[in-house]
Amino acid sequence: MCAKKKSGSTAYQCTQCSYTQPRWLGRCPDCGAWNTLEEVSSQTEDALPLGVPGFGRSGSRSIPLSAVQSKEGSRFILGIEEFDRVLGGGVMKRSAILIGGEPGIGKSTLLLQAAEAARTKGRVLYVSGEESAAQIRSRADRLSLASDRIEVLCTGLLEDITRTLDEMNPVFVIVDSIQTVYSPAAGVVPGTVNQLKLCSQELVAWVKNRDAVLFLVAHVTKDGSIAGPKALEHLVDTVLSFERNEEDIRFLRAQKNRFGSVDELGIFQMTASGLLPIQDPTSLFIVTRSGALPPGVAVVPVFEGSRVFLVEIQALTVPAKSAVTRVYSDRIDSSRVSRIAAVLEKRVGLRFSDQDIYVNVAGGVRLTESAVDLALAAALYSARTDIPVPPVTALIGELSLAGEIRPVGRLKPRVIAAATLGFTRILAPAAEDGAEAVSDIRQLVALLFGASQRG
């Protein structure tokens, strides 16, 4: 006699990889994570909602690509210059944008300002799962923002949000934050991997069929990455990261952008009136001094998107406190610092193997391009020998392991920007109007430090 198959109504799904099986296990057989299987309602494929990955509504048909109408130029210009710049010239209709940042950095403030600017385009819906309507109104009043045509929905239930979206048909939607949105179809606990996937995909599917824009606010983890699975970033069109320096400056950059560059940097200042775009940030990261330049400081023109900034690199070397030397650098990759120090030790004979190295970038901006190598090398040499770099000197170039100074892209705009801010001596890999060519690290040391150099 055959045993009758039990028709259970529940299953267990891994919150890390979505692996599903009929019984609970301590360890997921697919990804190996422990204690991640949670009970979920089992449904047939036809009953699954749109937001479940791998399933969608039936009836879709293919069409020739030539029959698709291009939507180029279909953007909302918000009028917030730095915000529009990072988005690629405005926010594209039928797009979803994910913005992440640490608590209190100003995500809600920036999006409320954007909502106020977008209200002239049509109705705006602000969905809040963390704050009350009174708190949002209080912030709007504090920022002196017009609140007409902006509607507030304080809930985390996905079904209430989608029903309101269908009734209102807004052109600008803000969900603050996506970690607070949940649907009973994926359990009752918000913030799980399944909830994030289901709710995000349902909201993104809504905006893709309308001339609207969706902003999803996301929390971040301790290391600064956006919380939740990477699949959440794949669902949206643009991923924005909001960062801050030690003062009141905020940096907005795109980690992913289907409709623009990911190299642009938006710079804001947090004030009592909200986030204000900094109109001319060229000299923002240059420290104003009344006296001579201290040892361990060098200046480099760097590109962030389409703009040039003059940035000050600061270095300090001290005898190692243990047998193992360390590099402390969070604004420039520590492996780059170690490589430049090794080149100086090998090609110039300056010893760093018994030193702890500290590197900082004034203003808190993060530097990744290779054009900073020359200025970093000069700052390290200056810090180790306690000889300052000559004043009003800017340095541009990539340093090879052989000690050669290699060319960098867009040299002319860098030289012009440095000269405009009063730098009278500019050392670069190639001769340019206003710049002095330098070929290797030994020549650089001789030109900057002359006979006073020490080994």
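Coordinate-derived values only; no laboratory data. Because the structure is predicted, anything quoted here is derived from the model rather than measured. No Cβ is skipped: glycine too gets one built from the backbone with ideal geometry, and neighbour counts run over all protein chains shown.
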Point to revise | Beta bridges per DSSP with both ends in the chain, % antiparallel, nearest 5 | key: 55 percent
Check your understanding: Taking the Cα centre of the chain as the origin and placing charges on Cβ (Lys, Arg +1; Asp, Glu -1), which of 420, 78, 65 is farthest toward the positive end of the dipole?
Key -> 65
**Study point:** Candidates per trypsin sites (Lys or Arg not before Pro) in the stretch 347-447, loop by DSSP, up to 14 other Cβ within 10 Å
**Key:** 351, 410
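From the square roots a ≥ b ≥ c of the eigenvalues of the alpha-carbon gyration tensor of the stretch 74-277, which class results: rounded (a/c under 1.5), prolate (a/b over b/c), or oblate? Before the final figure, lay out the partial values.
Numbers: a/c = 1.31, a/b = 1.18, b/c = 1.11.
Note, shape of the stretch 74-277 comes out rounded.
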**Study point:** Kirkwood Rh and Cα Rg combined as Rg over Rh, evaluated for the stretch 401-446
**Key:** 0.99
**Study point:** Computed magnitude of the charge dipole of the stretch 121-235 (debye, nearest 20; Cβ of K, R +1, Cβ of D, E -1)
**Key:** 220 debye
Review point. Once the chain is represented by equal point scatterers at the alpha-carbon sites, with solvent omitted, what log10 I(q)/I(0) does the Debye formula produce at q = 0.07, 0.10, 0.12, 0.13 Å⁻¹?
Key: -0.49, -0.86, -1.04, -1.12
Point to revise | For the stretch 297-452, alpha-carbon Rg and Dmax in angstrom | key: 14.5, 48
